[in-house]
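Engineer: Before I ask anything, here is the structure I am working with.
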Amino acid sequence: MRVTVGVSGGIAAYKAAELVRALQRQSVEVHVVMTESAQKFVQPLTFAALTGHKVITSLWGEWDAGEGAADQNGIDHIAEAQWCDALVVAPATANILAKFAHGIADDFLSTMYLATAAPVVVAPAMNVNMWNHAATQANLEILRQRGVGIVEPGTGDLACGMTGAGRMAEPETIAEVVMRMLGRRSDLRGEVVLVTAGGTREALDPVRFIGNRSSGKMGYALAEAARSRGAKVILISGPSALHAPPHCELVKIVTAEEMRSAVLERMNESTLVIKSAAVADYRPVAVSAQKLKRTGPITLELAPTEDILAEVVRRRRPGQLIVGFAAETENRMENGRAKLLAKGADAIVINDIAQEGVGIDADTNAATFLTRATSVELPEMPKRQLADRILDEILTLRRPRSVISEFDEHEDAKAAQDRVLSESIPVGAGRRQIIVE
Ligand code: CTP
(Lines give C-alpha, C1' and ligand atoms only; values in the text may rest on other atoms or scores of the structure.)
Protein backbone atom coordinates (compact mmCIF):
# COMPACT_ATOMS: atom_id res chain seq x y z
CA MET A 1 0.00 0.00 0.00
CA ARG A 2 1.38 3.41 -0.96
CA VAL A 3 0.33 6.73 0.46
CA THR A 4 1.49 10.22 -0.40
CA VAL A 5 1.35 12.55 2.59
CA GLY A 6 0.96 16.19 1.58
CA VAL A 7 2.08 18.70 4.18
CA SER A 8 0.93 22.30 3.88
CA GLY A 9 2.05 25.26 5.95
CA GLY A 10 0.77 25.34 9.49
CA ILE A 11 2.09 24.88 12.97
CA ALA A 12 0.63 21.35 12.91
CA ALA A 13 3.12 20.43 10.15
CA TYR A 14 5.33 18.77 12.78
CA LYS A 15 2.47 16.38 13.57
CA ALA A 16 2.67 15.09 10.00
CA ALA A 17 5.80 13.23 11.12
CA GLU A 18 3.65 11.25 13.55
CA LEU A 19 1.17 10.57 10.76
CA VAL A 20 3.97 9.18 8.60
CA ARG A 21 4.97 6.86 11.45
CA ALA A 22 1.39 5.79 12.08
CA LEU A 23 0.98 4.85 8.41
CA GLN A 24 4.30 3.03 8.35
CA ARG A 25 3.18 0.96 11.34
CA GLN A 26 0.40 -0.28 9.04
CA SER A 27 3.03 -1.37 6.49
CA VAL A 28 2.29 1.55 4.20
CA GLU A 29 5.06 2.94 2.00
CA VAL A 30 5.02 6.72 2.37
CA HIS A 31 6.16 9.58 0.15
CA VAL A 32 5.97 13.15 1.40
CA VAL A 33 5.14 16.26 -0.61
CA MET A 34 5.64 19.61 1.14
CA THR A 35 4.31 22.97 0.05
CA GLU A 36 6.67 25.93 0.16
CA SER A 37 5.17 27.33 3.34
CA ALA A 38 5.24 23.92 5.06
CA GLN A 39 9.03 24.05 4.70
CA LYS A 40 9.07 27.17 6.87
CA PHE A 41 7.72 25.07 9.74
CA VAL A 42 9.53 21.77 9.29
CA GLN A 43 12.68 20.80 7.41
CA PRO A 44 12.15 18.33 4.55
CA LEU A 45 15.04 16.38 6.06
CA THR A 46 12.76 15.23 8.91
CA PHE A 47 10.47 13.45 6.44
CA ALA A 48 13.31 12.21 4.28
CA ALA A 49 14.83 10.54 7.33
CA LEU A 50 11.50 8.98 8.30
CA THR A 51 10.53 7.72 4.85
CA GLY A 52 13.91 6.94 3.31
CA HIS A 53 12.80 8.93 0.28
CA LYS A 54 13.74 12.41 -0.76
CA VAL A 55 10.89 14.78 -0.08
CA ILE A 56 9.08 16.43 -2.97
CA THR A 57 9.28 20.16 -2.37
CA SER A 58 8.57 21.81 -5.71
CA LEU A 59 7.18 21.29 -9.19
CA TRP A 60 10.44 22.45 -10.64
CA GLY A 61 13.16 21.68 -8.14
CA GLU A 62 15.65 18.86 -8.11
CA TRP A 63 14.27 15.90 -6.28
CA ASP A 64 14.28 12.17 -6.37
CA ALA A 65 11.53 10.07 -4.88
CA GLY A 66 13.86 7.13 -4.38
CA GLU A 67 12.29 3.88 -5.50
CA GLY A 68 9.01 5.53 -6.39
CA ALA A 69 7.55 6.68 -9.63
CA ALA A 70 9.86 9.64 -9.97
CA ASP A 71 12.78 7.39 -10.70
CA GLN A 72 11.22 6.36 -13.95
CA ASN A 73 9.78 9.69 -14.89
CA GLY A 74 11.90 12.43 -13.41
CA ILE A 75 10.04 15.35 -11.90
CA ASP A 76 6.54 14.22 -12.50
CA HIS A 77 3.45 14.97 -10.49
CA ILE A 78 1.51 12.66 -12.80
CA ALA A 79 3.72 9.73 -11.93
CA GLU A 80 3.40 10.45 -8.21
CA ALA A 81 -0.38 10.81 -8.67
CA GLN A 82 -0.47 7.35 -10.23
CA TRP A 83 1.98 5.85 -7.77
CA CYS A 84 -0.12 6.45 -4.67
CA ASP A 85 -3.13 4.45 -3.50
CA ALA A 86 -4.24 7.44 -1.42
CA LEU A 87 -3.31 11.08 -0.94
CA VAL A 88 -3.65 12.52 2.55
CA VAL A 89 -3.03 16.17 3.30
CA ALA A 90 -2.24 16.95 6.91
CA PRO A 91 -2.29 19.66 7.96
CA ALA A 92 -4.51 21.08 5.22
CA THR A 93 -4.55 24.87 5.35
CA ALA A 94 -7.47 27.04 4.24
CA ASN A 95 -5.35 27.89 1.22
CA ILE A 96 -4.78 24.33 0.03
CA LEU A 97 -8.46 23.47 0.61
CA ALA A 98 -9.43 26.46 -1.56
CA LYS A 99 -7.02 25.39 -4.29
CA PHE A 100 -8.33 21.81 -4.27
CA ALA A 101 -11.93 22.99 -4.32
CA HIS A 102 -11.39 25.27 -7.29
CA GLY A 103 -8.87 23.29 -9.27
CA ILE A 104 -6.02 25.78 -8.92
CA ALA A 105 -2.83 23.93 -9.75
CA ASP A 106 0.18 26.13 -9.00
CA ASP A 107 2.42 23.85 -6.97
CA PHE A 108 3.23 20.15 -6.77
CA LEU A 109 0.56 19.24 -4.23
CA SER A 110 -2.34 21.07 -5.88
CA THR A 111 -1.31 19.76 -9.30
CA MET A 112 -1.03 16.24 -8.01
CA TYR A 113 -4.49 16.49 -6.45
CA LEU A 114 -5.99 17.14 -9.89
CA ALA A 115 -4.00 14.36 -11.46
CA THR A 116 -4.75 11.56 -9.02
CA ALA A 117 -7.61 9.08 -9.23
CA ALA A 118 -6.73 7.81 -5.74
CA PRO A 119 -8.96 8.64 -2.77
CA VAL A 120 -8.07 11.87 -1.02
CA VAL A 121 -8.26 12.66 2.69
CA VAL A 122 -7.67 16.09 4.18
CA ALA A 123 -7.10 16.99 7.82
CA PRO A 124 -7.69 20.74 8.11
CA ALA A 125 -5.89 22.85 10.71
CA MET A 126 -6.19 26.60 11.05
CA ASN A 127 -7.32 29.50 13.19
CA VAL A 128 -10.91 29.18 14.41
CA ASN A 129 -12.16 32.21 12.48
CA MET A 130 -10.58 30.94 9.29
CA TRP A 131 -12.21 27.56 9.91
CA ASN A 132 -15.62 29.08 10.51
CA HIS A 133 -15.41 31.45 7.56
CA ALA A 134 -18.10 30.87 4.94
CA ALA A 135 -15.43 30.60 2.22
CA THR A 136 -13.64 27.74 4.00
CA GLN A 137 -16.88 25.96 4.81
CA ALA A 138 -18.09 26.31 1.21
CA ASN A 139 -14.80 24.88 -0.07
CA LEU A 140 -15.08 21.95 2.33
CA GLU A 141 -18.60 21.32 1.10
CA ILE A 142 -17.37 21.16 -2.49
CA LEU A 143 -14.68 18.67 -1.51
CA ARG A 144 -17.13 16.60 0.54
CA GLN A 145 -19.50 16.41 -2.42
CA ARG A 146 -16.60 15.18 -4.50
CA GLY A 147 -15.96 12.31 -2.12
CA VAL A 148 -12.89 13.76 -0.38
CA GLY A 149 -12.58 12.40 3.16
CA ILE A 150 -12.47 15.20 5.71
CA VAL A 151 -11.04 14.55 9.15
CA GLU A 152 -12.59 17.38 11.10
CA PRO A 153 -10.32 19.41 13.38
CA GLY A 154 -10.77 19.24 17.11
CA THR A 155 -11.62 22.04 19.51
CA GLY A 156 -9.18 23.48 22.02
CA ASP A 157 -6.40 26.00 22.51
CA LEU A 158 -4.94 27.01 19.18
CA ALA A 159 -1.41 28.13 18.42
CA CYS A 160 -2.75 31.60 17.55
CA GLY A 161 -3.84 32.05 21.17
CA MET A 162 -7.53 31.62 20.44
CA THR A 163 -9.74 28.79 21.56
CA GLY A 164 -12.13 26.89 19.29
CA ALA A 165 -12.26 24.52 16.35
CA GLY A 166 -9.17 24.37 14.19
CA ARG A 167 -6.74 21.96 15.85
CA MET A 168 -5.67 19.21 13.51
CA ALA A 169 -7.10 15.79 14.36
CA GLU A 170 -4.72 13.34 16.01
CA PRO A 171 -2.33 11.62 13.57
CA GLU A 172 -3.60 8.18 14.67
CA THR A 173 -7.16 9.19 13.81
CA ILE A 174 -6.09 10.48 10.40
CA ALA A 175 -4.17 7.27 9.71
CA GLU A 176 -7.25 5.26 10.67
CA VAL A 177 -9.43 7.20 8.21
CA VAL A 178 -6.88 6.66 5.44
CA MET A 179 -6.69 2.93 6.16
CA ARG A 180 -10.46 2.67 6.18
CA MET A 181 -10.64 4.50 2.89
CA LEU A 182 -8.03 2.20 1.38
CA GLY A 183 -9.95 -0.83 2.59
CA ARG A 184 -13.12 0.60 1.20
CA ARG A 185 -11.58 1.36 -2.09
CA SER A 186 -11.65 -2.21 -3.21
CA ASP A 187 -14.39 -3.76 -1.11
CA LEU A 188 -16.77 -3.97 -4.08
CA ARG A 189 -14.23 -5.50 -6.44
CA GLY A 190 -15.86 -8.40 -8.26
CA GLU A 191 -19.38 -7.01 -7.81
CA VAL A 192 -21.45 -5.82 -10.75
CA VAL A 193 -23.76 -3.13 -9.47
CA LEU A 194 -26.86 -2.14 -11.39
CA VAL A 195 -28.13 1.25 -10.22
CA THR A 196 -31.33 2.89 -11.43
CA ALA A 197 -31.53 6.65 -11.08
CA GLY A 198 -33.62 9.70 -11.85
CA GLY A 199 -37.30 9.90 -12.67
CA THR A 200 -39.21 8.49 -15.61
CA ARG A 201 -41.42 10.47 -17.96
CA GLU A 202 -44.74 9.25 -19.30
CA ALA A 203 -45.84 11.00 -22.48
CA LEU A 204 -49.25 12.63 -22.83
CA ASP A 205 -48.66 13.98 -26.31
CA PRO A 206 -45.56 14.81 -28.40
CA VAL A 207 -44.51 17.64 -26.06
CA ARG A 208 -45.97 16.93 -22.64
CA PHE A 209 -45.28 14.30 -20.06
CA ILE A 210 -46.06 13.30 -16.49
CA GLY A 211 -42.85 13.31 -14.50
CA ASN A 212 -41.44 13.93 -11.06
CA ARG A 213 -38.77 16.08 -9.42
CA SER A 214 -36.11 13.40 -9.09
CA SER A 215 -32.73 14.78 -10.22
CA GLY A 216 -30.82 11.50 -10.25
CA LYS A 217 -28.26 12.86 -7.74
CA MET A 218 -28.63 9.98 -5.25
CA GLY A 219 -28.41 7.28 -7.92
CA TYR A 220 -25.44 8.92 -9.65
CA ALA A 221 -23.70 9.26 -6.28
CA LEU A 222 -24.29 5.55 -5.62
CA ALA A 223 -22.93 4.67 -9.05
CA GLU A 224 -19.82 6.79 -8.50
CA ALA A 225 -19.23 5.42 -5.02
CA ALA A 226 -19.66 1.79 -6.15
CA ARG A 227 -17.30 2.36 -9.06
CA SER A 228 -14.66 3.98 -6.88
CA ARG A 229 -14.85 0.95 -4.57
CA GLY A 230 -13.98 -1.39 -7.40
CA ALA A 231 -17.38 -2.49 -8.76
CA LYS A 232 -18.38 -2.63 -12.39
CA VAL A 233 -21.36 -0.29 -12.62
CA ILE A 234 -24.34 -0.22 -14.96
CA LEU A 235 -26.31 2.98 -14.42
CA ILE A 236 -29.82 2.97 -15.89
CA SER A 237 -31.06 6.51 -15.76
CA GLY A 238 -34.10 8.55 -16.60
CA PRO A 239 -33.53 12.04 -18.04
CA SER A 240 -31.04 13.89 -15.83
CA ALA A 241 -28.88 16.98 -16.16
CA LEU A 242 -25.96 15.15 -14.53
CA HIS A 243 -22.86 13.83 -16.25
CA ALA A 244 -22.37 10.09 -16.02
CA PRO A 245 -19.78 9.30 -13.35
CA PRO A 246 -16.44 8.22 -14.88
CA HIS A 247 -16.10 4.59 -15.92
CA CYS A 248 -19.77 3.73 -15.37
CA GLU A 249 -21.85 2.32 -18.21
CA LEU A 250 -24.79 4.67 -18.71
CA VAL A 251 -28.03 3.34 -20.18
CA LYS A 252 -30.48 6.15 -20.87
CA ILE A 253 -34.20 5.52 -20.74
CA VAL A 254 -37.24 7.76 -20.62
CA THR A 255 -40.37 5.82 -19.63
CA ALA A 256 -41.10 3.33 -16.86
CA GLU A 257 -41.55 0.62 -19.47
CA GLU A 258 -38.13 1.39 -21.00
CA MET A 259 -36.61 1.26 -17.54
CA ARG A 260 -38.27 -2.09 -16.94
CA SER A 261 -36.90 -3.54 -20.21
CA ALA A 262 -33.40 -2.20 -19.53
CA VAL A 263 -33.35 -3.51 -15.95
CA LEU A 264 -34.65 -6.96 -16.91
CA GLU A 265 -32.15 -7.15 -19.77
CA ARG A 266 -29.15 -6.30 -17.59
CA MET A 267 -30.08 -7.68 -14.18
CA ASN A 268 -28.64 -11.14 -14.81
CA GLU A 269 -25.16 -9.68 -15.17
CA SER A 270 -25.38 -7.97 -11.83
CA THR A 271 -24.65 -9.15 -8.31
CA LEU A 272 -26.32 -6.17 -6.68
CA VAL A 273 -29.32 -4.16 -7.85
CA ILE A 274 -29.98 -0.74 -6.28
CA LYS A 275 -33.28 0.78 -7.36
CA SER A 276 -33.02 4.42 -6.44
CA ALA A 277 -35.05 5.64 -9.43
CA ALA A 278 -38.34 7.43 -8.92
CA VAL A 279 -40.39 5.35 -11.33
CA ALA A 280 -43.79 6.63 -12.43
CA ASP A 281 -46.59 4.61 -10.90
CA TYR A 282 -49.05 5.56 -13.63
CA ARG A 283 -48.92 6.24 -17.35
CA PRO A 284 -51.59 7.74 -19.60
CA VAL A 285 -53.65 5.01 -21.24
CA ALA A 286 -53.67 6.85 -24.54
CA VAL A 287 -50.86 9.03 -25.88
CA SER A 288 -52.16 11.64 -28.27
CA ALA A 289 -50.30 11.65 -31.60
CA GLN A 290 -50.95 15.38 -31.90
CA LYS A 291 -50.41 18.12 -29.35
CA LEU A 292 -53.49 18.29 -27.12
CA LYS A 293 -55.46 21.49 -27.62
CA ARG A 294 -56.89 23.53 -24.82
CA THR A 295 -60.56 22.87 -25.27
CA GLY A 296 -61.69 22.98 -21.64
CA PRO A 297 -61.32 20.60 -18.73
CA ILE A 298 -59.97 17.19 -19.64
CA THR A 299 -59.80 13.96 -17.70
CA LEU A 300 -56.80 11.75 -18.11
CA GLU A 301 -57.15 8.03 -17.82
CA LEU A 302 -54.07 6.52 -16.19
CA ALA A 303 -53.00 2.91 -16.00
CA PRO A 304 -50.58 1.55 -13.40
CA THR A 305 -47.05 0.76 -14.53
CA GLU A 306 -45.34 -2.52 -13.68
CA ASP A 307 -43.57 -2.58 -10.33
CA ILE A 308 -40.02 -3.17 -11.56
CA LEU A 309 -38.56 -3.77 -8.12
CA ALA A 310 -41.07 -6.51 -7.32
CA GLU A 311 -40.39 -8.11 -10.69
CA VAL A 312 -36.62 -8.00 -10.15
CA VAL A 313 -37.12 -9.77 -6.83
CA ARG A 314 -39.22 -12.48 -8.51
CA ARG A 315 -36.49 -13.07 -11.11
CA ARG A 316 -33.48 -12.79 -8.82
CA ARG A 317 -30.54 -15.13 -9.10
CA PRO A 318 -29.18 -16.86 -5.99
CA GLY A 319 -26.81 -14.58 -4.12
CA GLN A 320 -28.03 -11.46 -5.89
CA LEU A 321 -28.77 -8.60 -3.51
CA ILE A 322 -31.67 -6.29 -4.21
CA VAL A 323 -32.08 -2.92 -2.53
CA GLY A 324 -35.01 -0.58 -3.11
CA PHE A 325 -35.77 2.97 -2.07
CA ALA A 326 -38.92 4.37 -0.53
CA ALA A 327 -39.79 8.03 -0.87
CA GLU A 328 -42.27 8.90 1.84
CA THR A 329 -43.98 12.08 2.96
CA GLU A 330 -45.71 10.55 6.00
CA ASN A 331 -45.47 7.50 8.27
CA ARG A 332 -42.14 6.77 6.67
CA MET A 333 -41.12 3.84 8.87
CA GLU A 334 -44.46 2.06 8.57
CA ASN A 335 -44.69 2.67 4.83
CA GLY A 336 -41.05 1.75 4.27
CA ARG A 337 -41.44 -1.46 6.23
CA ALA A 338 -44.57 -2.34 4.29
CA LYS A 339 -42.67 -1.81 1.00
CA LEU A 340 -39.79 -3.98 2.23
CA LEU A 341 -42.17 -6.83 2.94
CA ALA A 342 -44.45 -6.36 -0.07
CA LYS A 343 -41.65 -6.08 -2.61
CA GLY A 344 -39.38 -8.68 -1.02
CA ALA A 345 -36.16 -6.66 -1.36
CA ASP A 346 -33.19 -7.35 0.93
CA ALA A 347 -33.27 -3.76 2.14
CA ILE A 348 -35.12 -0.52 1.62
CA VAL A 349 -33.54 2.92 1.92
CA ILE A 350 -36.29 5.11 3.32
CA ASN A 351 -36.21 8.82 2.53
CA ASP A 352 -38.39 11.35 4.24
CA ILE A 353 -39.05 13.66 1.32
CA ALA A 354 -41.33 15.94 3.33
CA GLN A 355 -38.29 17.53 5.03
CA GLU A 356 -37.25 20.86 3.55
CA GLY A 357 -34.03 20.71 1.50
CA VAL A 358 -33.54 16.97 1.97
CA GLY A 359 -34.04 14.11 -0.46
CA ILE A 360 -35.62 14.62 -3.88
CA ASP A 361 -33.63 17.13 -6.00
CA ALA A 362 -31.55 18.25 -2.98
CA ASP A 363 -27.78 17.87 -2.50
CA THR A 364 -28.15 16.23 0.87
CA ASN A 365 -30.24 13.35 2.06
CA ALA A 366 -31.10 11.56 5.26
CA ALA A 367 -32.28 7.99 5.27
CA THR A 368 -33.08 4.88 7.22
CA PHE A 369 -31.53 1.67 5.95
CA LEU A 370 -34.06 -1.00 6.77
CA THR A 371 -33.74 -4.75 6.43
CA ARG A 372 -35.99 -7.39 7.91
CA ALA A 373 -33.74 -7.54 10.94
CA THR A 374 -32.01 -4.19 11.24
CA SER A 375 -32.69 -0.50 11.09
CA VAL A 376 -29.88 2.01 10.76
CA GLU A 377 -30.42 5.76 10.85
CA LEU A 378 -28.22 7.65 8.39
CA PRO A 379 -28.41 11.34 9.38
CA GLU A 380 -28.46 14.18 6.87
CA MET A 381 -25.25 14.36 4.84
CA PRO A 382 -24.15 15.05 1.26
CA LYS A 383 -25.53 12.43 -1.13
CA ARG A 384 -22.04 11.27 -2.15
CA GLN A 385 -21.19 10.54 1.46
CA LEU A 386 -24.53 8.90 2.06
CA ALA A 387 -23.89 6.71 -0.96
CA ASP A 388 -20.80 5.30 0.76
CA ARG A 389 -22.73 4.75 3.98
CA ILE A 390 -25.50 2.92 2.10
CA LEU A 391 -22.89 0.73 0.38
CA ASP A 392 -21.29 0.02 3.78
CA GLU A 393 -24.67 -1.17 5.03
CA ILE A 394 -25.33 -3.24 1.91
CA LEU A 395 -21.97 -4.94 2.38
CA THR A 396 -22.92 -6.04 5.87
CA LEU A 397 -25.61 -8.15 4.15
CA ARG A 398 -22.86 -10.06 2.37
CA ARG A 399 -21.10 -11.02 5.59
CA PRO A 400 -21.76 -14.44 7.11
CA ARG A 401 -24.71 -14.13 9.39
CA SER A 402 -24.34 -14.78 13.06
CA VAL A 403 -26.53 -13.87 15.90
CA ILE A 404 -25.59 -10.41 17.10
CA SER A 405 -28.17 -9.10 19.42
CA GLU A 406 -28.44 -5.86 21.25
CA PHE A 407 -31.67 -7.23 22.63
CA ASP A 408 -32.16 -10.20 24.88
CA GLU A 409 -29.64 -12.87 23.90
CA HIS A 410 -32.06 -15.65 24.77
CA GLU A 411 -34.95 -14.31 22.78
CA ASP A 412 -36.06 -16.62 20.00
CA ALA A 413 -34.55 -15.19 16.81
CA LYS A 414 -37.74 -15.42 14.76
CA ALA A 415 -39.77 -13.79 17.51
CA ALA A 416 -37.20 -11.02 17.84
CA GLN A 417 -37.22 -10.43 14.11
CA ASP A 418 -41.03 -10.20 14.03
CA ARG A 419 -40.96 -7.87 16.99
CA VAL A 420 -38.42 -5.52 15.35
CA LEU A 421 -40.56 -5.40 12.26
CA SER A 422 -43.76 -4.75 14.13
CA GLU A 423 -42.31 -2.23 16.56
CA SER A 424 -42.18 1.40 15.64
CA ILE A 425 -38.44 2.00 15.39
CA PRO A 426 -37.68 5.45 16.75
CA VAL A 427 -35.87 7.92 14.52
CA GLY A 428 -32.35 8.60 15.68
CA ALA A 429 -32.17 5.42 17.69
CA GLY A 430 -29.01 4.41 15.83
CA ARG A 431 -28.25 0.81 15.13
CA ARG A 432 -30.51 -1.80 16.63
CA GLN A 433 -29.53 -5.09 15.36
CA ILE A 434 -30.67 -8.63 15.38
CA ILE A 435 -29.15 -10.77 12.70
CA VAL A 436 -30.77 -14.10 12.33
CA GLU A 437 -28.84 -17.16 11.31
N1 CTP B 1 -40.43 1.11 -8.11
C2 CTP B 1 -40.36 0.30 -9.23
N3 CTP B 1 -41.32 0.33 -10.17
C4 CTP B 1 -42.39 1.14 -10.05
C5 CTP B 1 -42.49 1.98 -8.90
C6 CTP B 1 -41.50 1.93 -7.96
O7 CTP B 1 -39.38 -0.45 -9.35
N8 CTP B 1 -43.31 1.16 -10.98
C9 CTP B 1 -39.37 1.02 -7.11
C10 CTP B 1 -38.58 2.30 -6.89
O11 CTP B 1 -37.46 2.36 -7.75
C12 CTP B 1 -38.16 2.17 -5.45
C13 CTP B 1 -39.31 1.40 -4.82
O14 CTP B 1 -39.98 0.74 -5.88
O15 CTP B 1 -36.99 1.41 -5.29
C16 CTP B 1 -40.30 2.25 -4.06
O17 CTP B 1 -40.71 3.34 -4.83
P18 CTP B 1 -41.75 4.39 -4.25
O19 CTP B 1 -42.06 5.37 -5.34
O20 CTP B 1 -41.30 4.88 -2.93
O21 CTP B 1 -42.99 3.47 -3.93
P22 CTP B 1 -44.12 2.85 -4.79
O23 CTP B 1 -43.89 1.39 -4.92
O24 CTP B 1 -44.25 3.59 -6.08
O25 CTP B 1 -45.38 3.06 -3.83
P26 CTP B 1 -46.17 4.42 -3.49
O27 CTP B 1 -45.96 5.36 -4.65
O28 CTP B 1 -47.56 3.95 -3.35
O29 CTP B 1 -45.58 4.93 -2.21
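Engineer: Could you list all residues from region 287-326 that are more than 16 Å from the ligand (Cβ to nearest atom), touching a Leu at 6+ places or on another chain (Cβ under 9 Å) and free of Cβ contacts under 8 Å to residues at least 60 places away in the same chain?
Structural biologist: Residue satisfying the conditions is ILE298 alone.
Engineer: Right, something else. Being within 11 Å of the ligand (Cβ to nearest atom) and in contact with a Ser or Thr (Cβ under 7 Å, 6 or more places away or on another chain) is the filter; apply it to region 334-351 and report the residue that is farthest from GLN385 (Cα to Cα).
Structural biologist: Only one residue tops the list, namely GLY336.
Engineer: Something else now. Take the conditions farther than 17 Å from ILE210 by Cβ and surrounded by 19 or more Cβ atoms within 10 Å (Cβ to Cβ) and apply them to ALA262. Does it pass?
Structural biologist: Against the criterion (farther than 17 Å from ILE210 by Cβ and surrounded by 19 or more Cβ atoms within 10 Å (Cβ to Cβ)), ALA262 qualifies.
Engineer: Restricted to region 288-328, and to residues that are at pLDDT 95 or above and of a type in the set (Val, Ile, Thr), which residue is nearest to ALA221 (Cα to Cα)?
Structural biologist: Among them, the one singled out is VAL323.
Engineer: Further question: What is the one condition in (1) within 20 Å of LEU370 (Cα to Cα); (2) surrounded by fewer than 19 Cβ atoms within 10 Å (Cβ to Cβ); (3) within 12 Å of the ligand (Cβ to nearest atom) that ALA354 does not satisfy?
Structural biologist: The number of the failed condition is (3).
Engineer: List the residue pairs whose Cβ atoms are under 7 Å apart, where the first residue sits in region 333-345 and is in a helix (DSSP H, G or I), the second is among the β-branched types (Val, Ile, Thr) and within 8 Å of the ligand (Cβ to nearest atom), and the two are 6 or more positions apart or on different chains.
Structural biologist: Qualifying pairs under 7 Å: GLY336/ILE348; LYS339/ILE348; LEU340/ILE348.
Engineer: Could you identify the single residue in THR196, THR200 that is surrounded by 22 or more Cβ atoms within 10 Å (Cβ to Cβ), modelled with pLDDT of 95 or more, of a type in the set (Val, Ile, Thr) and farther than 22 Å from LEU321 by Cα?
Structural biologist: Working: THR196 fails: farther than 22 Å from LEU321 by Cα.
Answer to the check: THR200.
Engineer: Select from region 147-204 the residues that are polar (S, T, N, Q) and not assigned by TED's automatic domain parsing to the domain that holds LEU97 and write down the one among them that is farthest from TYR282 (Cα to Cα).
Structural biologist: Per the stated criteria, the residue is SER186.
Engineer: Pairs please, first residue from region 5-24 and under 22 Å from LEU182 (Cβ atoms) and in contact (Cβ under 8 Å) with a residue 60 or more places away in the chain, second anywhere and of a type in the set (Asp, Glu) and in a helix (DSSP H, G or I), Cβ atoms under 7 Å, 6+ apart in sequence or on different chains.
Structural biologist: Listed by first residue and then by second, the contacts come to ALA22/GLU172.
Engineer: Specify the residue that is farthest from the ligand (Cβ to nearest atom); the eligible residues are those in region 256-284 that are small (Gly, Ala, Ser) and not in a helix (DSSP H, G or I).
Structural biologist: Applying the filter and picking the extreme gives SER270.
Engineer: Still on this structure: Quick check on region 241-250. Is at least one of its residues within 12 Å of the ligand (Cβ to nearest atom) and either among the acidic types (Asp, Glu) or part of a strand (DSSP E or B) (or both)?
Structural biologist: Scanning region 241-250, I find no residue that is within 12 Å of the ligand (Cβ to nearest atom) and either among the acidic types (Asp, Glu) or part of a strand (DSSP E or B) (or both), so the answer is no.
The values are calculated or read from the model by the stated rules, or taken from the named source; none is laboratory data. Predicted, not measured: the structure shown is a model, and the values here were computed from it. Using ideal geometry, Cβ is built from the backbone for each residue, glycine included, and neighbour counts are taken over all protein chains shown.
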